[in-house]
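Inspection log for the structure reproduced underneath, given as structure tokens.
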Amino acid sequence: MSTIKYAPLPVFIMDEEMNILAQSDEAAALFGEVQHFLEIVDEDSQNKARKRLGQKKKIKTELVMHSRKAKMSLYTVNCK
């Protein structure tokens, strides 16, 4: 069992194609059970997500995303 399930923040483990392999309970509560990361990224932020998150280094960026609480909200995304 993955230990990220109990992380106190929304956490996703993704493969190189942004398929979600595992997510924390916090991520599931905020965004629902999703299979692909771009499902929850606003259409206007998807190109930015592909470019920034596809890099092979640690990054921090902001993306407009859809959550259960709000149709569109700005989130800071950290990726490594």
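The values are calculated or read from the model by the stated rules, or taken from the named source; none is laboratory data. Here the structure is a predicted model, which means the values were calculated and not measured. In this analysis, Cβ positions are derived from the backbone assuming ideal geometry, glycine residues included, and neighbour counts consider all displayed protein chains. In case anyone asks, the SASA skips ligands and DNA or RNA and just uses the protein heavy atoms, side chains included. Shrake-Rupley method; radii C 1.70, N 1.55, O 1.52, S 1.80 Å.
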- Residues of the range 7-23 satisfying the condition of being under 18 Å from residue 64 (Cα atoms), out of contact with any Asp or Glu (no Cβ under 9 Å at 6 or more places or on another chain) and assigned to a loop (DSSP other than H, G, I, E, B): 18
- Item | Counted residues, the range 54-76 - those being open to solvent by 20 Å² or more (accessible area, probe 1.4 Å) and among the hydrophobic types (A, V, I, L, M, F, W, C) | 4
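Could you tell me which residue of the range 24-70 is nearest to residue 3 (Cα to Cα), considering only residues that are of a type in the set (Gly, Ala, Ser), outside any loop (DSSP other than H, G, I, E, B) and touching a residue at least 12 places away in the same chain (Cβ under 8 Å)? Talk me through it step by step, then tell me what you get.
Within the range 24-70, the subset of a type in the set (Gly, Ala, Ser) is 24, 27-29, 32, 45, 49, 54, 67, 70.
So of that shortlist, the ones also outside any loop (DSSP other than H, G, I, E, B) come out as 27-29, 45, 49.
Pick out the ones that are also touching a residue at least 12 places away in the same chain (Cβ under 8 Å) and you get 27, 29, 45, 49.
On the way: 27: 13, 29: 17, 45: 29, 49: 25 Å.
Here the residue is 27.
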